[in-house]
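Below is one structure; the comments refer to it alone.
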Amino acid sequence: MGVITGVNYEQFDLNLLNVFDAVMTELNVTRASVRLNMTQPAVSNALKRLRHLLNDELFIKVPSGVSPTPKALEIWQPLHEALHQIRQTLEPIEFDPVTETVTFTIALNDFTAALILPPLMKAIEAIAPNVNVRTIPNTHINAAMLLEHAEIDIAIGVFPNPPPRLRSQPLLTSSWVCVMRRDHPLASKKLTLERYVQAKHLLVTLTGEATGLIDPLLQERGLNRRIGLTINQFSVAPQILMDSDFIAVLPTRVVQLSGIANQLHLATVPIEINPTSVKMMWHERLQQNMAQVWFRTQLAKVCSCL
């Protein structure tokens, strides 16, 4: 607490720090008021008092809510940690999956859902009969926003550079393979980069963008490919490939899960693609929540066996 100077601590209202912590967590006064079960004017009034005590604006209004000043950023981490220690002292710190009822909301794509949910739900049903799981689509574009707005608990996907307020943990590593039907004209030949580029491509794009992870690598070599079809679900890709002249670069696990792997031809991608790390991502505010810690542990345990 040494970062706050010139304050009469005996007269300092610690509830103001709780308001400050909530606004820093949400970066939005309205959401902070909901989080605190306070009216928005009450939150605004608390911030006004805190500004006066600390002699700093603390937050600047922006279109999305508020943006912290350098002073607010400086004092938040030690205050957040101190408040967390107080909450842990005063609140129950255990989570009993056998007796407690709670719902966890996950954002993930169809491929990850098909891979993770069957063993996850089998494990949860065995040890946590009152725990519910809700899933929504993850396009990667919306994951950070959903976490910031507390609309989901966890996002699962590929997140190369998570924002500072979000935590992440690797769950799976996904390799890539070039897929086509078994009697495709390219199936009987060595798949060179030249032949690959000249083919007709299917692209799975969760964001709707008509470029994939391989396109920047091609562009570095002055090459472009024709993407004749874009879809937003992995699960339908193998069936389309089996009945068309499209080829596609897919996660190897997608082919394994398709049920028609023996009707497809798999070839090494003719350009180096590093394996992709599939991560779970959550907001800093849930880092020490014991129910959330338990659920993240279950996810990690299930994925370690896949």
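Please treat every number below as a calculation from the coordinates, not as lab data. Just so we're clear, the structure is a prediction, and the values are computed from it rather than from any experiment. Cβ: placed from backbone, ideal geometry, glycine included. Neighbour counts: every protein chain shown.
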- Beta bridges by DSSP in region 176-274, antiparallel share as percent, to the nearest 5: 55 percent
- Note on the structure: For region 176-274 the mean separation of alpha carbon contacts under 8 Å (6+ apart) over residue count, i.e. relative contact order in percent, is 47 percent
- Message: Using the Karplus curve 6.51 cos²θ - 1.76 cosθ + 1.60 with θ = phi - 60°, what ³J(HN,Hα) values do you get for each residue of region 42-50, in whole Hz, with x for Gly and Pro?
- Response: 5, 5, 4, 5, 5, 5, 4, 5, 5
- Task: Per residue of region 162-173, in order, report the coupling 6.51 cos²θ - 1.76 cosθ + 1.60 (Karplus, θ = phi - 60°) as ³J(HN,Hα) in whole Hz, putting x for Gly and Pro.
- Result: x, x, x, 7, 10, 9, 8, 8, x, 10, 9, 10
- Task: Write down the percent of antiparallel bridges among all DSSP beta bridges whose residues are both part of the chain, to the nearest 5.
- Result: 60 percent
- Item | For I247, residues with placed amide H under 5 Å, excluding near neighbours | K200, H201, L202
- Residue exposure sequence - F20, F104 - by fewest surrounding Cβ within 10 Å: F104, F20
- Task: Using Cα positions and a limit of under 17 Å, work out the lysines in reach of K189, with same-chain residues fewer than 8 apart set aside.
- Result: K200
- Where does helix 14-26 land angle-wise versus the long Cα axis of the chain, in degrees 0 to 90, nearest 10? 20 degrees
- Query: What is the set of long-range amide H partners of F104 at a cut-off below 5 Å, with H atoms built 1.01 Å from backbone N?
  - Reply: N132, V133, R134
- Task: Order by neighbour count: C305, C178, fewest other Cβ atoms within 10 Å first, most last.
- Result: C305, C178
- Query: For T207 and K61, what does the FRET efficiency come to when R0 = 51 Å and r is the distance between their Cβ atoms, rounded to the nearest 0.05?
  - Reply: 0.95
- Query: Got a sec? How would H52, H149 order by Cβ neighbour count within 10 Å, fewest to most?
  - Reply: H52, H149
